[in-house]
1. Tally time: how many residues in segment 558-586 are in a strand (DSSP E or B) and either open to solvent by 10 Å² or more (accessible area, probe 1.4 Å) or in contact with a Pro (Cβ under 7 Å, 6 or more places away or on another chain) (or both)?
2. Scan segment 330-350 for residues that are surrounded by fewer than 17 Cβ atoms within 10 Å (Cβ to Cβ) and in contact (Cβ under 8 Å) with a residue 60 or more places away in the chain and report the count.
3. Of the conditions (1) in a helix (DSSP H, G or I); (2) touching a residue at least 24 places away in the same chain (Cβ under 8 Å), TYR362 satisfies every one except a single condition; which number is it?
4. Between residues in segment 86-102 that are surrounded by 10 or more Cβ atoms within 10 Å (Cβ to Cβ) and residues that are assigned to a helix (DSSP H, G or I), which pairs lie under 8 Å by C-beta distance while being six or more apart or on different chains?
5. Kindly list, by first and then second residue, each pair from a residue in segment 533-556 that is free of Cβ contacts under 8 Å to residues at least 40 places away in the same chain to a residue that is β-branched (Val, Ile, Thr) and surrounded by fewer than 16 Cβ atoms within 10 Å (Cβ to Cβ), limited to pairs with Cβ atoms under 9 Å and residues at least 6 apart or on different chains.
6. Out of all the residues in segment 21-43, is one or more farther than 30 Å from GLN554 by Cβ, open to solvent by 100 Å² or more (accessible area, probe 1.4 Å), among the hydroxyl-bearing types (Ser, Thr, Tyr) and at pLDDT below 85?
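The values are calculated or read from the model by the stated rules, or taken from the named source; none is laboratory data. Values in this document were obtained by computation on a predicted structure and should not be read as measured data. Methodologically, a virtual Cβ is constructed for each residue, glycine included, from the backbone with ideal geometry; neighbour enumeration extends over all protein chains shown. Please note that ligands, DNA and RNA were not included when accessible areas were found on the heavy atoms of the full protein model with its side chains. Shrake-Rupley method; radii C 1.70, N 1.55, O 1.52, S 1.80 Å.
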Amino acid sequence: MSVKKDSGAVELGGDCTRNPGYVDPDSAAETIHEDPDKKRDADAEYTQIKPYAGMPKEVLLLYSSRARYRVPREILFWLMVACTLALVALTVTVIALSPRCLNWWQVSPVYQVYLRSFRDSDGDGVGDLKGIQEQLDHFQYLNIKSVWVSPFYSSPMRDFGYDVEDFRAIDPLFGTMHDFEELLSEMQNKGMKLIMDFIPNHTSDRHRWFNLSRTGDPHYKDYYVWTDCNETAARPNNWVSMFGKSAWTYDEVRGQCYLHQFLKEQPDLNFRNPHVRKEMTDIIHFWLDKGVDGFRMGAVKHLVEAAHLRDEPQVDPNQAPESVASEWDLHHDYTTSQLGLHDLLRDWRAEMDGYSREAGRYRFMVTESYDYQEVDKTMMYYGTPLVKESDFPFNFYLLDLPQNTSGLWVQHLVQLWMSNMPKGEWANWLVGNHDNPRIASSAGQNYTRVINMLLLTLPGTPTTYYGEEIGMENVNVTDSQTQDPAGKYNASASRDPQRSPMQWSGDINAGFNNQTNTTWLPVHPDYKSVNVEVQKEDKGSVLAQYRFLNTLRQSELPFQRGWFCYVHADANVFSYLRELDGLRRAFLVVLNFGDESAITDLSSVRELPDQLEVLMSTNQVNDGRALQKSRILTEAGEGLVIQYSIHTRFNPKHPEQCYVSEKACYLNVIDILYKC
């Protein structure tokens with residue numbers, strides 16, 4: 001309760017608590033004339049009161065200025081400032097010292113889907129976009145993140161989609177634009193990337209541009225390479241098509257000849273025309289706007305031809321000129337790798353980089369150019385230190401593996417690329433595609449596993465042609481079954497054998513088409529034993545080993561960022577190390593490409609421990625086998641991955657034998673990578 005005094009003040013009573021140090025202003029006035037000593041005593045009593053909740057501002061300021069309160073407060077403030085600065089400095093240091101994150105096209109192998117042969121969803125005998133979507137679990141099972149799909153543009157199919165009638169439309173044979181958008185969305189939802197085929201060198205002769213060009217439309221007149229000629233007279237020069245015979249065809253409507261470095265139904269575009277360059281750039285934009293993750297640029301070395309149209313030099317000067325009919329009869333000095341080619345590719349790279357600014361959406365570019373012995377020309381597709389071109393050009397040199405069953409030969413092919421690749425660039429490896437025989441047939445089924453081990457343990461990005469993960473072989477195609485136009489020109493040049501339907505199961509048509517008994521090419525007769533379904537159940541199968549190696553490659557730092565060092569090569573065995581500076585775990589790879597068993601002595605490699613244990617062998621019975629480094633036994637076609645603890649690294653003392661692209665070091669104490 002409260003009691004009101006005569007002065008009008010209200011005094012707290014009852015259960016209220018009175019502050020003994022509180023001085024009523026009225027009562028203070030009454031004590032003005034009191035004894036000063038009594039006043040000092042009151043002040044002393046007041047200043048000894050402890051702080052309390054709800055104290056007035058004056059009391060708070062009185063106590064907050066005292067040293068025992070002020071000093072801890074200041075200490076805490078400056079401690080917070082120091083911690084903030086230390087955290088900022090640590091963050092800056094970590095960012096500055098952290099190596100660049102590997103991109104998606106570096107982490108995962110690139111898996112090539114030849115669309116016609118992958119999976120048929122509607123029973124017409126030809127693979128389609130919905131068929132790919134039905135089999136996305138296969139990529140997840142293999143831990144594949146990057147999928148390259150062959151052309152699905154609208155096309156008359158004279159070269160199975162590489163003759164494009166409309167770059168902005170899906171051919172009904174493969175589905176609809178809605179099917180494509182669904183596939184792309186589903187892939188990206190599952191963490192996968194879709195790489196499209198882009199064919200800039202030529203179009204179909206049914207393309208709207210060509211029809212307008214041949215009729216002399218002012219805008220489209222120079223969209224293609226035309227020159228004067230006579231239908232009955234000799235061609236303008238001796239240039240030949242990749243499919244054989246003259247690269248020129250007379251057009252009756254225009255009364256001139258047009259250039260086609262491939263089929264006559266595939267006229268070459270004229271990239272000296274700025275309108276053509278803009279058209280192709282707009283097409284790139286169209287698909288990037290759709291959300292595709294990258295492009296494989298096909299046949300790029302043919303993009304620009306010499307304007308003077310001179311005869312190309314003959315390989316055999318004594319050959320009768322009229323008998324020149326094959327690409328191998330000429331040196332292609334005027335039809336490939338001409339001035340201006342790399343300017344085009346750099347422009348397209350710049351356009352793709354504009355789309356790559358979106359976080360997590362880097363747009364990948366790979367180029368296809370068969371340069372054979374001219375590896376220096378291939379390396380030019382990497383670009384320069386100042387101007388980027390492709391992320392890597394396809395490496396076709398391992399296609400020559402079957403020429404020689406020797407570890408020295410394999411080392412030579414690997415060294416050919418590694419020693420010529422510009423410093424800091426990323427390597428690529430492949431042993432097959434839709435244009436070349438399957439490696440299991442050309443090298444032999446016994447070498448399928450060891451070749452897969454090679455691809456998945458070398459530094460860089462491996463490319464897997466569909467079916468290589470299960471060891472598919474070429475199929476025999478009779479003359480009446482031939483579909484490939486190259487095979488119709490020359491039966492020995494047919495590419496049909498390596499394009500047979502994917503072998504999913506032992507069901508009808510190998511599970512490629514389980515609705516009708518129709519396939520565009522015959523299924524390989526071994527499909528009941530060589531298929532995905534059977535090999536999933538076998539822990540020692542080609543598929544199981546591919547999956548294990550790919551998982552190992554993506555989970556172990558030495559295989560992605562580490563050093564690659566040669567340690568041995570002879571008539572049978574090729575062997576190398578994968579190690580990372582600072583990491584105590586390293587790997588030895590021993591591959592027998594010979595035709596007999598071999599014992600490899602690595603006792604001279606002091607950095608290796610004397611006792612070794614096999615992590616994985618392509619011959620499953622040898623998994624976990626203990627070995628002496630002086631006596632490593634491998635059978636013909638066998639490969640070993642050996643994990644060991646490292647105390648002294650190999651690369652510092654052998655720089656001439658070692659390569660690294662994305663150099664980094666490992667700090668074991670806090671488990672991080674850093675630049676070194």
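1. 11
2. So the answer is 2.
3. Status for TYR362: all satisfied but (1).
4. Filtered contacts from segment 86-102: LEU102/GLN560.
5. none
6. There is at least one residue in segment 21-43 that is farther than 30 Å from GLN554 by Cβ, open to solvent by 100 Å² or more (accessible area, probe 1.4 Å), among the hydroxyl-bearing types (Ser, Thr, Tyr) and at pLDDT below 85.
Here's the yes/no breakdown for (1) aromatic (Phe, Trp, Tyr); (2) at pLDDT 95 or above; (3) more than 26 Å from ARG349 (Cα to Cα):
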residue	(1), (2), (3)
LYS145	no, yes, no
PRO151	no, yes, no
GLY175	no, yes, yes
GLU186	no, yes, yes
PHE198	yes, yes, no
THR203	no, yes, no
THR215	no, yes, yes
PRO218	no, yes, yes
ALA233	no, no, yes
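Yes/no per residue for (1) crowded, with 21+ Cβ neighbours inside 10 Å; (2) farther than 21 Å from ASP120 by Cβ; (3) of a type outside the set (D, E, K, R):
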position: SER492; (1), (2), (3): no, yes, yes
position: ASN509; (1), (2), (3): yes, no, yes
position: PHE512; (1), (2), (3): yes, no, yes
position: ASN517; (1), (2), (3): no, no, yes
position: PRO522; (1), (2), (3): no, no, yes
position: LYS528; (1), (2), (3): no, no, no
position: VAL532; (1), (2), (3): yes, no, yes
position: GLU537; (1), (2), (3): no, yes, no
position: GLY540; (1), (2), (3): no, yes, yes
